[in-house]
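The structure appears below as structure tokens.
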Amino acid sequence: MRCQVVIAIGILLLGGVCGTSLPVQAEDSTPRWPRLLGQNYDGNAEVEQTFDWKTKPKLRWALDVGEGYGLGSVWGNEYFQFDAESTAAGAVERIRCIDLTDGEVKWQDARPLNYRDLYGYESGPRTTPTLDAEFVFTFGVAGDLVCRDRKTHQVRWSVDTNKEYGVIQNFFGVGSSPLLVDDLVVVMVGGSPAEDASIAPGRLDRVSPNGSALVAFDRKTGVERWKCGDDLASYSSPRTVQIDGKTLILAYAREHLMCVEPATGKLLWKHAHRADLLESAIAMTPVVSADQVFISECYQIGSVLLSMTDKSAEVIWKDPPFNRRSQAMRAHWATPVLIDGHLYGCSGRNAPDSDFRCIEWKTGKVKWTDDRRTRSSATRVGDVMLVLEERGTLQVIKANSEKFELINEWRLDTSDGDTPPIRYPCWAAPIVVGNQLLVRGDQRVLCFELQ
């Protein structure tokens, strides 16, 4: 089983300062990359600058990090990194507030961590902090949901969701980042009835849901406001969508894509899309364009594009099951990016059964695949993508639906003068805010200045 259950948990999810100066920093009230995949859940770095992609970016700073797989989030000129470390008193999950200019730690807070991965992966968070003007929300690998004051770093409230909702440990723990909607913080929990607590570890096929696939808490108090969904948790993160002028929640849980009304927690519709395998694990965040949504998995059935209303979802196209050579895309842990009617992203479960490819949104037609046989994640910057290969190569690829067009690439897994290397696994998509680029591998985060 162990060799079958392989998933990169980049679900997810920094030193020396150069002599050149940064532009005027964003005001403290500015959300710049406040959650996983950025402001609009789409991996799009909304920057006004243009950059010289022929020139390698300069290192600004480097930050040593502990166990875990996620990159952080940015508000104003503060970067928030969530990871785990070992202390004399035992393991802790910690959140650190970093000055984005120079990499100095402004404050940190840590809480005890009791987690052991079933398959030997790191015992640190897989998720990204979610930020607003007042608070920092973290969702730990063992289900500890914590709200901290962004300025004072004091804990305002916390909930042990695994304990409160009877969560049976997923293969790799909790991997879904929090969602903020109005005065709610919504997380994927996926609890089970008390009698399921005796089920053997890893036997999720025998575990029953108890109506807590999604749980919403009051943003300021942590009091439960609603729960919904008879499903277990996945590693995908919930997001919002606008349908007919209404803000709704999309959550790709273990078995279904669910559409939920935020104010009440009413389940509006669900669409089943998961391989019939015990070890199949879903991690990508749904990709949305107008009233259409794309979801994908890599194990058997591939992808589907749905047309949505607030009452139902209908299939526009879907991949043929059990025929991976004919499938448009088989997203594993990385969310593809949508640019001008085409999706660009990594398809495949493991190297060498993986490639970076472009498919047409409306039909699922594969336009091209590159010749790399490895896994990667992508972030859009204007008309290019920054594609981070899991072993540390960063590629700049033109968003060209007609052909694979490589502009440049840099090896970040080898030391380059004063730049320390990042190591496998590099599973988090890069972050770009202003002219700063953040990348994470094992042991450290690097912050570069784009030229």
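The values are calculated or read from the model by the stated rules, or taken from the named source; none is laboratory data. This is a predicted model, so every value here is computed, not measured. As a convention, Cβ positions derive from the backbone with ideal geometry for all residues, glycine included, and neighbour counts pool all protein chains shown. Ligands, DNA and RNA are stripped out before the accessible areas are found, and what is left, the full protein with its side chains, is counted by its heavy atoms. Shrake-Rupley method; radii C 1.70, N 1.55, O 1.52, S 1.80 Å.
Modelled label-to-label distance, residue 307 and residue 164, 7 Å Cα→beta-carbon offset: nm?
So the two model labels end up 4.0 nm from each other.
Order of 151-163, 432-444 by packing, highest average Cβ count within 10 Å first?
432-444, 151-163
When P(r) over Cα pairs in 20 Å bins from 0, in percent is calculated directly from the model, which label among [x] 26, 59, 15, 0; [y] 27, 61, 11, 0; [z] 20, 40, 30, 9, 1, 0 fits?
[y]
Among rounded, prolate and oblate, which fits region 317-365 when a ≥ b ≥ c are the square roots of the eigenvalues of its C-alpha gyration tensor, a/c under 1.5 means rounded, and a/b larger than b/c means prolate?
oblate
What FRET efficiency, computed as 1/(1 + (r/R0)^6) with R0 = 25 Å and r the Cβ-Cβ distance, is obtained for residue 107 and residue 48, rounded to the nearest 0.05?
0.25
From Cα coordinates alone, what are the radius of gyration and Dmax values for region 107-146 in angstrom?
Gyration radius and largest Cα-Cα distance of region 107-146: 11.7, 37 Å.
Counting helices only, and only those DSSP H runs with n ≥ 4, report the 222 nm mean residue ellipticity of the chain as the sum of -39,500 (n - 2.57) divided by its residues, in deg cm²/dmol to the nearest 500.
0 deg cm²/dmol
Using a simple charge model, +1 on the beta-carbon of Lys and Arg, -1 on the beta-carbon of Asp and Glu, nothing else, what dipole does region 65-219 show about its Cα centre, in debye to the nearest 20?
200 debye
Pick out, from 162, 273, 381, the residue whose Cα sits farthest towards the positive end of the charge dipole of the chain, with +1 on the Cβ of Lys and Arg and -1 on the Cβ of Asp and Glu.
The listed residue farthest towards the positive side: 273.
Label point 7 Å out from residue 203 along Cα-to-Cβ: which residues of region 113-133 have amide N under 19 Å?
Only 118-119 fall inside the zone, counting backbone N under 19 Å.
State the Cα centre-to-centre distance between region 23-85 and region 193-223 in whole Å.
32 Å
So which chymotrypsin sites (Phe, Trp or Tyr not before Pro) in region 274-356 end up in coil per DSSP with only 15 or fewer other C-beta atoms within 10 Å?
Hits after loop and neighbour filter: 322.
Can you tell me the dipole magnitude for region 318-358 around its Cα centre, using point charges on the Cβ only (Lys, Arg +1; Asp, Glu -1), in Debye to the nearest 20?
Using Cβ point charges on Lys, Arg, Asp and Glu, region 318-358 gives about 180 debye.
Quick one: which of 246/318; 227/311; 163/246; 54/403; 54/362; 151/398 span more than 29 angstrom between C-alpha atoms?
Cα-Cα > 29 Å for 163/246; 54/362; 151/398; rest within.
Per the 1.4 Å probe, what fraction of the accessible area of region 43-97, in percent, lies on carbon and sulfur atoms?
The value for region 43-97 is 46 percent carbon and sulfur by accessible area.
Please sort by residue number the GluC sites (Glu not before Pro) in region 37-109 whose DSSP state is loop and whose Cβ has at most 13 other Cβ atoms within 10 Å.
Of the GluC sites (Glu not before Pro), the ones in loops of region 37-109 whose Cβ has at most 13 other Cβ atoms within 10 Å are 48, 104.
Based only on Cα atoms, what mean projected area does the convex hull of region 182-240 have, in nm²?
Mean orientational projected area (region 182-240, Cα hull): 4.7 nm².
Please give the charge dipole size of the chain, origin at the Cα centre, charges +1 on K and R Cβ atoms and -1 on D and E Cβ atoms. Round to the nearest 20 debye.
With Lys and Arg at +1 and Asp and Glu at -1, about 700 debye.
Where the accessible area of region 402-451 is counted over protein heavy atoms with a 1.4 Å probe, how much of it, in %, is carbon and sulfur?
Reported share for carbon and sulfur atoms: 40 percent.
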